Every structure is written in structure tokens, then in C-alpha cells.
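Structure record follows, encoded as C-alpha cells.
The values are calculated or read from the model by the stated rules, or taken from the named source; none is laboratory data. Values in this document were obtained by computation on a predicted structure and should not be read as measured data. Cβ placement follows ideal geometry from the backbone for every residue including glycine, while neighbour counts extend to all protein chains displayed. Only protein heavy atoms, including side chains, enter the accessible area calculation; ligands, DNA and RNA are left aside. Shrake-Rupley method; radii C 1.70, N 1.55, O 1.52, S 1.80 Å.
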Amino acid sequence: MTRLPKTDPDDSLPAYLWDALSLGEDKRRSSSRDVDRILQDLGKADELDASGHVVRIRVEREQIESLLLPLALSVLQLAESKSRRVLVGITGGAGTGKTILSMLLCRVLNLLSGREIAAALTADAYHFPNAFLDTHVGMELGEEVPLRQIKGRPPTFDVAAMVADLRRLRASADQEIQLPVYDRRRHDPVPQSISVNPQHRIVIVEGLHLLRVEHGWQEARDCFDFCMLLELPLETCRRRVAVRKIAGGRHPADVDAHFDRVDRPTLEELQDPALRSRADLVIQLEEVEALGAEPRTCLRGCEQRASSLEALDLREIPRGSIELLAVGLNPALQKTLVFDRLVRGQVNRAREILTSVGGKGQQFSRAANHLIPGMVTLSQFLGGENGERLGRMIEHAGVKQITVVSSGETRCCITAIDASTGDATELIEPSAAILPGEAGKLLASTLQFLAEGKASGLALCGTWPPGVDETFYVALAQAKGNAILMLDSYRDISAVLATGQVDILKLNASELRSLAAAIRGKQAGEDDRELTSIPEMARSVFETYKLRWLAVTAGPDTAWLFESPIAGSEPSRACVWRFYEFRLPAIEGVVNPIGAGDTVGAVFLAQLTAGSPAPTAFACGLAAGSASCRQLGGADFAIEDLLEILAQIRVGRVTRRWTMDGASPVHE
């Protein structure tokens, strides 16, 4: 039986980074004695000189436990694994705390090592001198502007000089290297002002644009062994920058104008998912008001954007080791017609036709049986000639059946494929009504199957036909026993979810949006500000219903898997919330996407039931769903296609704080 990961809610607040960096609970406990040493060392002098600008900072125990110590230990592990000097980048917009973090991290690294092994460098030191900026222009937003007016934007940096020095630092670990600093009193770089010596095995580099892809900046990113992105709400950054610059003598109006012209665009660019994905780690910070003191910077969460799963392997499932029961109450005889070109309002003659199995539960069963032949049972209504034909096709596919013959004819659904565009259009007949006696008979037979303890996985697929309501699914959920229950439906499912027996809710992004809107008591599309973030929509589901996992597909290239943030503890207490973002490769040779979602669910549940970790099982399902798009008949796939696509899937693990009483807004 699959169990939830254990979470100690009392001990989880500082744990996001430890979890994201895979340091482990043992490492965390063994390093706890270092917290006092670090706190004592950083408390000796709370004034740090940042390139000529004196800043005051007071570090608290929670900040060491949650941020500085796990970062330092991870960097030390990285340095130990390399035979050369290690370069670590810290990037983020103005006001996010890059400079302070780089200096503190260096101090902690040196303290833990017992010697000076880390040095700090700022990318600001590679600004062109003011004399150059005053006499040159650059392009910004398609316009030619004096460089001095946009100081801080990419054209104002000598990125070639920075790349040259970064490459020297990587390649010349046995030589002293002279590097520039940025004097914040003079607001100008000062060349050859600091030395990096052979003893410095680690160099921490902080700067604004370290994740950019343009020529020069890409080469800079390539120099870093590890690069982290710091995030703070934009208005917090604005306030921090204003306080700092006004204290330095700048006029408030000039400060605001410069922020909107230079700093705000950089902060907004760093919210671009493509740019964020270039960071190995995203650290989300927030300011917490402290009574009678300055606001305190705390860790809100973090996102590990590099691939976080060592291997994505398709588990071989021995025959007879598991048994899946799929419930598909809305079957269909599926006809797929392929047209060279489909023209609306014209006579269109198909060049090819394929008759196959249709309906969500039926396609789920077909896909699962392809992976685990003889280990799938399907519960369904079938009626009339269409039903007889469909039953023979399902039997031929090797799927066992629990069938009640209905008085109404099984529907026929048509998929029309335009070969010139690859578009697929579905035409769906209404389902015939099911009589009360028929519904009762199928429910009793399915409950008997569950009572025999045969099912290790149970899939409730799609909606129900007229004459059946959600009490059918409710009864099955309550009788599931030890089976892992997947619900692949979104209409009228509140009573099913309220049983607390659903382990996996599988939806697409549109369905999740509708469910989240219903939870909020709104129509889908209302208040887009609240309903645009998939993690926020997922959060609303977990706040309302008890689930183990929420699986969400969002088009052909992105999917999410959310773990339950609550492990049977008091739901109002804080704990760690983990979820995974999957990036899928572009698929060549797409023929028919119909049935891909059912294939995802089938392989996901089969792999999970067989013992694969949930993220790996979901990745296998996603690969199978993509592979099925290459087949004309829905819910069919070649194992070699699955493995090819699986090898290209990239997974990012996200770790955030969870509290039922209101967390900070989540940024996508």
C-alpha cells in the first residue's frame, strides 16, 4: 500500500531548502551544533562592507537554520566533488538581497571550513565606467538612449570582460587573480581591487543578469557550477531600493523614476518561466514585520529547477503482481476518420477510417492492458449492436470485463482528423439512459469484485450517463479497501472527494480551473488574478479535500504533480509542500491525440501501484500519453516510443511553505 511521506509540522518551517538540496534529515540534525557557532560569529560585527557601502544587518537563528547553513553545506559538497575552483552565482532583481547573501554565505563557508576558502565578487564591478556611459548610447526597448540613463540594464555591462575573468577563475586555481570591485560611494567600478588566491576554492558571484541567454550572458551562465535566483515581491524591492538610495543622497523622485526605467523591467523579466528555469535553485523570500524592529527577511519557499529525479525508469511489472479495476460508465464505439483536408461547410471524404474502443474507462483499460496484459478488469454498461461490437473488441484486447447489458444503445463517437493541420475534432453522441435495475446490478457486481480484495488500483474514469449519479462513485470509493484510487473526472465530484478515499485526482488545467472556481463559489474565468496560477488552484483543492496527489496536465509540454501537504496532522499548522513540474519534449509524428490523457492515467496508476515513486510513475504516464499520439487508434503506444520520450522529460521539484491560515502569494 502506498503511504504518504511523513512530515513533522513542528519541525518543518526551516526545512524547505534542506529538502530541495537533498541534504537529508541526518545531515540537518548533525549540523545543528553549527548554528550557534555561526550565530555567534555573525553577531560579533553586524556591519559589513559591501564594495564601499556600509550596510547593517542582523542575522537571526531562523535565517541561519533555514537559509545560510543549508546553502553553505550544499556549496561545500559541490566544492568537494570538483577538482577545480567552484563558481556559484546569486542572481535576482534590485533589492532582493544578492550582495548581503553573497557576503554572509562567504563568511559561513569560511567559518565551517576553519579557513578562508570563499571569496565574493559582484557583477556590478563590470559596469562600464561612468565616463564611458556618459558618452555612449545603447538600444533599450527599440530606442536609442544614453547608457547612463539605463545604468543597470544589460547594455551598460562589459560582459566580455566579466566572462574572461570568470573563465580565468575556473581555469587558474593555482594563481592569484586581481579583480575589480564596485564602489557604491563613487558609483563606479575600481579595477584590480581584490585578490582571489589559490586558497579560495569557492567564488560567490552576485549580479543582475546571470541567467540571460543573449550572447555574452549565455557564456557567463555557462561558467557557473550552480546558480540561484532570489525572489521578493516587487513592491518590497522598490521600498528597499528607495531606502538605500535616498539614504545615499539621491532625490526620491529620481529614485522612483530609475526604478521604473531600470529595476522594474529586470524584476519582471526574471519572472519569465524560461528564464527562471535556467536557475538551479529559486529561493523565494518575504519580509515579516517584527514588533519594534526592522522587517525580517524570511524564506517562504524554494524551487529546484534542475532535474530532481536521478533516473526516470519504466518499472517492469511481473504478471499477476497487481490488478487494476477501471470503471467506465460512458463507453463509446470510436470511429476515427482521417481527411487530407477538412473544410467546414463542404462535403469531406475521408481517406482512412478506423473503428476502435472509445470512452475514458475503456481507453484507460486498453492502455493499461498494453503495459500489464491480463491484469486489468473493466466495469461498464454495454447495449445494442454497438455495445456487442465494443465488447468483442475489448475482449480481443485482453481486458477482463464486468458488463451489464443496458436497454439503450451504446453511443458512437467520431474523431475527424485534418491531416493538413493535425487538428482533431470530436463529435460525441449523447449516452442512452441507464435504468435503475441496470445501475444497481453493475454497482453490486463491482462492489463484489472490490470485496474480494482483488484490486490494487481503482480508476473512476469520466462522467456517468443519464440514470446514474455520483452516488455510484461514492459507494465504490467507500469500498475501495487498500486499492489506490484515481479519480479522472471533474464534474459533480464533490461528494466523491468528500469521502476522503480518493488518493489521486487527475485533471487537465482547464478542469482544475473549473474546480477551483467552484470551490471559491465563482464562475470559471472570474477574478483571473486569483485563478491564473496552477499551484494556487491546486492549493485551493488541497485546502478543501483530502487527497494524496493531484496530477495536472497543461497541454502537450507541461504537467504538474502535487503531493499532499498534510500528513494526518493538524491542518492549520505549517509544514512543507512539495510538488513537481514536468517539461515534455516536442513530439514528432503526431497522428491522433485523442485518448492521450487516459493513457497517462493508466500507466501512472499501474506504475504507482507496482511501487514506483509517484513522480517517476507520473513521468512514465506522461511519456506513454505522448507516445500514444503517434498511433491512429487512441490509447495505444509503442514501448520504444515511451522510453524515447521518457528519457527527454525534465522534472523540477518545488518546495514551499504550507499554512492553512494564509501564505504569501505564489509566483509562477
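With respect to Ser66, is the statement that it is modelled with pLDDT under 95 and within 22 Å of Arg170 (Cα to Cα) true? No, not satisfied.
Residue count for the range 192-222 satisfying the condition of being on the phi < 0 side of the Ramachandran plot and outside any strand (DSSP E or B): 19. Selection of first residues in the range 423-434 that are at negative phi and buried (at least 19 other Cβ atoms within 10 Å of the Cβ) and of second residues that are modelled with pLDDT of 95 or more and of a type in the set (Val, Ile, Thr), restricted to Cβ pairs under 6 Å at least 6 apart or on distinct chains, gives the following pairs, ordered by first then second residue: Ile434/Val468. For Ile177, the conditions (1) more than 22 Å from Arg212 (Cα to Cα); (2) open to solvent by less than 20 Å² (accessible area, probe 1.4 Å); (3) in contact with a Pro (Cβ under 9 Å, 6 or more places away or on another chain) all hold with the exception of (3).
Restricting attention to the range 111-164, the residues that are closer than 20 Å to Gly97 by Cβ and of a type in the set (Val, Ile, Thr) add up to 1.
When you look at Ile353, is it modelled with pLDDT under 95 and over 26 Å from Ile639 (Cβ atoms), yes or no? So Ile353 passes the test. Applying the criterion of being among the aliphatic types (A, V, I, L, M) and in contact (Cβ under 8 Å) with a residue 60 or more places away in the chain to the residues of the range 236-272, the residue that is surrounded by the fewest Cβ atoms within 10 Å (Cβ to Cβ) is Val262.
In this structure, Asp36 does not satisfy being at pLDDT below 70 and either in contact with a Leu (Cβ under 6 Å, 6 or more places away or on another chain) or open to solvent by 20 Å² or more (accessible area, probe 1.4 Å) (or both).
Here the range 605-627 is the region considered, the condition is being farther than 23 Å from Val282 by Cβ and assigned to a loop (DSSP other than H, G, I, E, B), and the residue that is least open to solvent (accessible area, probe 1.4 Å) is Ser612. Arg630 meets each of the listed conditions (1) within 23 Å of Gly358 (Cα to Cα); (2) open to solvent by 20 Å² or more (accessible area, probe 1.4 Å); (3) modelled with pLDDT under 90 apart from (3).
Within the range 540-558, the residues that satisfy the criterion of being more than 13 Å from the chain's Cα centre (by Cα) and either open to solvent by less than 20 Å² (accessible area, probe 1.4 Å) or more than 18 Å from Gly301 (Cβ to Cβ) (or both) are Ser540, Val541, Phe542, Thr544, Tyr545, Lys546, Leu547, Arg548, Trp549, Gly555, Pro556.
Just to be sure before I move on: is Leu275 at pLDDT below 95 and surrounded by 15 or more Cβ atoms within 10 Å (Cβ to Cβ) in the structure I sent? In short, yes. For the range 99-127, filtering for residues that are open to solvent by 20 Å² or more (accessible area, probe 1.4 Å) and touching a residue at least 40 places away in the same chain (Cβ under 8 Å) leaves 10. Could you please find all residues in the range 447-461 being open to solvent by 10 Å² or more (accessible area, probe 1.4 Å) and touching a residue at least 24 places away in the same chain (Cβ under 8 Å)? Within the range 447-461, Leu447, Phe449, Leu450, Ala451, Gly453, Lys454, Ala455, Ser456 meet the criteria.
The number of residues in the range 167-209 that are more than 24 Å from Lys245 (Cβ to Cβ) and touching a Phe, Trp or Tyr at 6+ places or on another chain (Cβ under 8 Å) comes to 0. Checking each residue in the range 335-350 for being surrounded by 12 or more Cβ atoms within 10 Å (Cβ to Cβ) and charged (D, E, K, R) picks out Lys335, Asp340. Applying the condition of being out of contact with any helix residue (DSSP H, G or I) (no Cβ under 7 Å at 6 or more places or on another chain) and not in a strand (DSSP E or B) to the range 223-237 and asking which residue is nearest to Leu179 (Cα to Cα) yields Phe224. Can you say whether Pro233 is open to solvent by 50 Å² or more (accessible area, probe 1.4 Å) and touching a residue at least 12 places away in the same chain (Cβ under 8 Å), as far as the supplied structure shows? Yes: the conditions hold for Pro233. Evaluation of Leu378 against the conditions (1) open to solvent by 10 Å² or more (accessible area, probe 1.4 Å); (2) without any contact (Cβ under 8 Å) to a residue 60 or more places away in the chain shows that the sole unmet condition is (1). In this structure, is Gly601 in a helix (DSSP H, G or I), of a type in the set (Gly, Ala, Ser) and under 16 Å from Gln362 (Cα atoms)? When the stated conditions are applied, Gly601 passes them.
Here Val213 meets each of (1) within 27 Å of Thr655 (Cβ to Cβ); (2) open to solvent by less than 60 Å² (accessible area, probe 1.4 Å); (3) of a type in the set (A, V, I, L, M, F, W, C) with one exception, condition (2). Restricted to the range 647-668, and to residues there that are more than 16 Å from Thr558 (Cβ to Cβ) and not in a loop (DSSP other than H, G, I, E, B), the residue that is modelled with the highest pLDDT is Thr655.
Taking first residues from the range 535-563 that are touching a residue at least 40 places away in the same chain (Cβ under 8 Å) and partners that are crowded, with 22+ Cβ neighbours inside 10 Å and of a type in the set (D, E, K, R), the Cβ contacts under 6 Å between residues at least 6 apart in sequence or on separate chains come to Arg548/Asp503; Ala551/Lys506; Glu563/Arg578. Return the total of residues in the range 453-480 being closer than 17 Å to Val376 by Cβ and either modelled with pLDDT of 95 or more or in contact with a helix residue (DSSP H, G or I) (Cβ under 9 Å, 6 or more places away or on another chain) (or both). The number of residues fulfilling the criteria is 10. Consider the range 303-323 and keep the residues that are at pLDDT below 80, hydrophobic (A, V, I, L, M, F, W, C) and open to solvent by less than 50 Å² (accessible area, probe 1.4 Å). The one that is nearest to Phe226 (Cα to Cα) is Ala306. Taking the range 585-598 as the region of interest, how many residues are in a loop (DSSP other than H, G, I, E, B), under 24 Å from Pro273 (Cβ atoms) and in contact with a strand residue (DSSP E or B) (Cβ under 7 Å, 6 or more places away or on another chain)? Qualifying residue count, the range 585-598: 1.
For the range 191-210, enumerate the residues that are open to solvent by 10 Å² or more (accessible area, probe 1.4 Å) and over 11 Å from Ala123 (Cβ atoms). Pro191, Gln192, Ser193, Ile194, Ser195, Asn197, Pro198, Gln199, Arg201, listed by residue number.
Just to be sure before I move on: is Leu485 assigned to a strand (DSSP E or B), buried (at least 21 other Cβ atoms within 10 Å of the Cβ) and in contact with an Asp or Glu (Cβ under 6 Å, 6 or more places away or on another chain) in the structure I sent? When the stated conditions are applied, Leu485 passes them. Selection of the range 82-92 for residues being open to solvent by less than 10 Å² (accessible area, probe 1.4 Å) and either at pLDDT below 95 or over 20 Å from Lys151 (Cβ atoms) (or both) yields Arg85, Val86, Leu87, Val88, Gly89, Ile90.
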